[in-house]
2 protein chains.
Amino acid sequence: MAGGDDLKLLGTWPSAFVTRVKLALALKGLSYEYAEEDLASKSELLLRSNPVHKKIPVLIHNGLPVCESSLIVEYLDQAFAGPAILPADPYERAIARFWAAYADDKVLASWATMLIRGKTEEEKSEGKKALFVALETMEGALAKCSDGEGFFGGTNVGLVDLALGCQLSWLKAAEVMSGEEFLGGDKTPLLAAWAARFTELDVAKAALPDVDGVVEFAKMKQAKMAAAAAAA
Amino acid sequence: MAGGDDLKLLGTWPSAFVTRVKLALALKGLSYEYAEEDLASKSELLLRSNPVHKKIPVLIHNGLPVCESSLIVEYLDQAFAGPAILPADPYERAIARFWAAYADDKVLASWATMLIRGKTEEEKSEGKKALFVALETMEGALAKCSDGEGFFGGTNVGLVDLALGCQLSWLKAAEVMSGEEFLGGDKTPLLAAWAARFTELDVAKAALPDVDGVVEFAKMKQAKMAAAAAAA
């Protein structure tokens with residue numbers, strides 16, 4: 001990192017999107033200031049830095065804000081030296097972006113519906129089913145780009161590893177809370193081995209939130225949802 | 001384009017996402033084969049090329065499929081010479097990607113809800129309101145990157161121009177069908193002038209679907225939705 005670079009990350013500790021940015025910063029070996037946001041009372045800095053969506057994460061680099069976790073990861077990869085997160089080849093890059101988007105749109109959306117967003121038991125149950133399907137699909141993707149030893153990015157951690165890896169504490173929390181096995185069993189053995197390798201990385205140890213903490217956070221969100229539904 | 005490049009686009013003519021790819025191909029000066037898909041009976045080639053989502057558009061380059069319109073545009077920009085669609089600077093690139101995503105997530109989603117996806121009059125009305133808000137927000141973005149003469153990409157057409165430009169026939173169809181003025185009036189004068197400049201471009205003339213055709217298509221979709229709702 002150049003001496004003059006000033007990096008500040010606005011986030012909340014349980015957010016998988018924030019975790020993704022922390023993982024990318026760690027991979028690049030960048031030091032940064034982290035500011036925990038209270039989403040019930042957002043900071044002036046957050047509102048000024050992301051006036052359109054008013055959402056975390058925001059990375060502020062020398063005063064310039066970059067919003068949206070996937071865009072922040074691409075920005076960090078292009079703006080800083082260190083291990084490449086995206087492949088150099090245009091076609092491999094498109095494939096990596098495809099699976100990173102799949103991890104967001106299908107995997108993350110499914111456990112979020114199952115644990116928090118689902119308004120009825122039926123919706124939550126649909127979320128759980130969709131999660132099994134999404135992880136099985138990612139098992140197939142992993143089988144194509146790993147020999148059972150490495151990562152989605154091959155020998156090194158890449159874009160897809162960050163996109164799915166940032167969700168691992170939530171996936172484990174979902175296992176704790178539902179009694180289901182999402183990573184492992186007959187259907188996703190490669191993914192289970194990948195998850196074990198990923199969580200052992202120093203960057204993951206530094207960035208992934210504590211699973212027990214995520215379970216508590218999810219239960220608190222569920223209780224709030226239930227109270228709001230009862231009041232409606 | 002290198003002599004050995006074989007490009008095939010699978011799409012449907014009214015799709016704004018397909019239009020975006022056609023615009024990018026035209027900007028890059030690339031010739032390609034176009035195959036119109038029947039979504040009620042998808043081709044084996046589409047199912048084989050996009051087995052995960054089974055959606056159009058898919059661009060097949062020398063036998064290798066690239067899915068998702070935004071990824072196809074980035075792929076074309078990196079893989080082929082010709083005018084740059086994305087800025088070279090990492091920060092400007094992040095900003096362009098931010099607004100292209102906004103055009104998809106807010107503008108496109110709003111008129112789609114208003115014209116087709118909305119299940120009730122209330123939902124459709126919410127879509128219309130959201131469309132006005134989204135376009136006003138994009139007016140602000142345009143004010144920051146254009147002097148009232150150029151494009152979101154500055155002097156040249158760029159990523160954001162493609163993301164919003166591919167929606168212009170649908171936005172005009174929305175005006176015809178609702179009697180509202182979405183581009184123009186007091187709130188979006190810059191956007192109206194931009195839209196007039198964009199539609200005069202040769203690439204737009206070659207790629208944008210006919211507005212009357214889109215109106216007919218939207219009415220047909222609405223009739224199908226109404227029939228399905230009545231049968232339920």
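Within the stretch B:83-99, being more than 10 Å from every other protein chain (Cβ to nearest Cβ) and within 16 Å of B:Arg20 (Cβ to Cβ) holds for B:Pro83, B:Ile85, B:Leu86.
Pairs linking a residue in the stretch A:117-135 that is in the same structural domain as A:Ala174 (by TED's automatic domain parsing) and within 18 Å of A:Ala228 (Cβ to Cβ) to a residue that is assigned to a helix (DSSP H, G or I) and among the polar types (S, T, N, Q), with Cβ atoms under 9 Å and 6 or more positions apart or on different chains, are A:Gly118/A:Ser125; A:Glu123/A:Thr113; A:Lys124/A:Thr113. Tallying residues that are of a type outside the set (Phe, Trp, Tyr), closer than 29 Å to A:Leu46 by Cβ and touching a strand residue (DSSP E or B) at 6+ places or on another chain (Cβ under 6 Å) within the stretch A:61-95 yields 5.
Annotation: A:Val176 fulfils all but one of (1) in contact with a Leu (Cβ under 8 Å, 6 or more places away or on another chain); (2) under 22 Å from A:Lys221 (Cα atoms); (3) free of Cβ contacts under 8 Å to residues at least 60 places away in the same chain; the unmet one is (1).
The residues of the stretch B:200-220 that are exposed (fewer than 15 other Cβ atoms within 10 Å of the Cβ) and not hydrophobic (A, V, I, L, M, F, W, C), listed by number, are B:Glu200, B:Asp202, B:Lys205, B:Asp210, B:Asp212, B:Gly213, B:Glu216, B:Lys219. Residue count for the stretch A:206-230, restricted to those that are of a type in the set (A, V, I, L, M, F, W, C) and under 15 Å from A:Glu175 (Cβ atoms): 5. Going residue by residue through the stretch A:19-41, is there one that turns out to be outside the structural domain of A:Phe217 (by TED's automatic domain parsing) and on the phi > 0 side of the Ramachandran plot? The answer is yes; a qualifying residue exists.
In the condition set (1) under 19 Å from the mean Cα position of the chain (by Cα); (2) assigned to a loop (DSSP other than H, G, I, E, B), A:Gly185 is compliant with all but (1). When A:Met114 is tested against (1) over 12 Å from the mean Cα position of the chain (by Cα); (2) within 24 Å of B:Ala79 (Cβ to Cβ), just one condition goes unmet, and that condition is (2).
Taking the condition more than 7 Å from chain A (Cβ to nearest Cβ) and either aromatic (Phe, Trp, Tyr) or under 16 Å from the mean Cα position of the chain (by Cα) (or both), does B:Asp105 pass? So B:Asp105 fits the description; yes. Closer than 25 Å to B:Gln78 by Cβ, crowded, with 21+ Cβ neighbours inside 10 Å and of a type in the set (A, V, I, L, M, F, W, C): does that describe A:Ile56? It is false that A:Ile56 is closer than 25 Å to B:Gln78 by Cβ, crowded, with 21+ Cβ neighbours inside 10 Å and of a type in the set (A, V, I, L, M, F, W, C). Scanning the stretch B:52-71 for residues that are in a loop (DSSP other than H, G, I, E, B) and either away from chain A (no Cβ under 12 Å) or not small (Gly, Ala, Ser) (or both), we see that the one that is farthest from B:Arg97 (Cα to Cα) is B:Asn62.
Residues in the stretch A:188-207 that are in a loop (DSSP other than H, G, I, E, B) and either of a type in the set (A, V, I, L, M) or without any contact (Cβ under 8 Å) to a residue 12 or more places away in the chain (or both): 2 in all. Considering the stretch B:167-182, the residues that are part of a helix (DSSP H, G or I) and hydrophobic (A, V, I, L, M, F, W, C) include one that is farthest from B:Val215 (Cα to Cα), namely B:Leu168. It is to be established whether one or more residues within the stretch B:77-96 are assigned by TED's automatic domain parsing to the domain that holds B:Leu168, in contact with a helix residue (DSSP H, G or I) (Cβ under 6 Å, 6 or more places away or on another chain) and surrounded by 23 or more Cβ atoms within 10 Å (Cβ to Cβ). Checking the stretch B:77-96: at least one residue is assigned by TED's automatic domain parsing to the domain that holds B:Leu168, in contact with a helix residue (DSSP H, G or I) (Cβ under 6 Å, 6 or more places away or on another chain) and surrounded by 23 or more Cβ atoms within 10 Å (Cβ to Cβ).
For the stretch B:63-71, the criterion of a residue being β-branched (Val, Ile, Thr), outside the structural domain of B:Leu108 (by TED's automatic domain parsing) and touching a residue at least 12 places away in the same chain (Cβ under 8 Å) is satisfied by no position. With (1) closer than 22 Å to A:Val214 by Cα; (2) surrounded by fewer than 15 Cβ atoms within 10 Å (Cβ to Cβ) as the list, and A:Leu10 as the residue in question, which single condition is left unmet? Condition not satisfied by A:Leu10: (2). Do we find that A:Ser49 is surrounded by 18 or more Cβ atoms within 10 Å (Cβ to Cβ), among the polar types (S, T, N, Q), within 14 Å of another protein chain (Cβ to nearest Cβ) and more than 30 Å from A:Lys219 (Cα to Cα) in this structure? So A:Ser49 fits the description; yes.
The values are calculated or read from the model by the stated rules, or taken from the named source; none is laboratory data. All values derive from a computational prediction rather than experimental measurement. All Cβ positions, glycine included, derive from the backbone under ideal geometry; neighbour counts span all protein chains shown.
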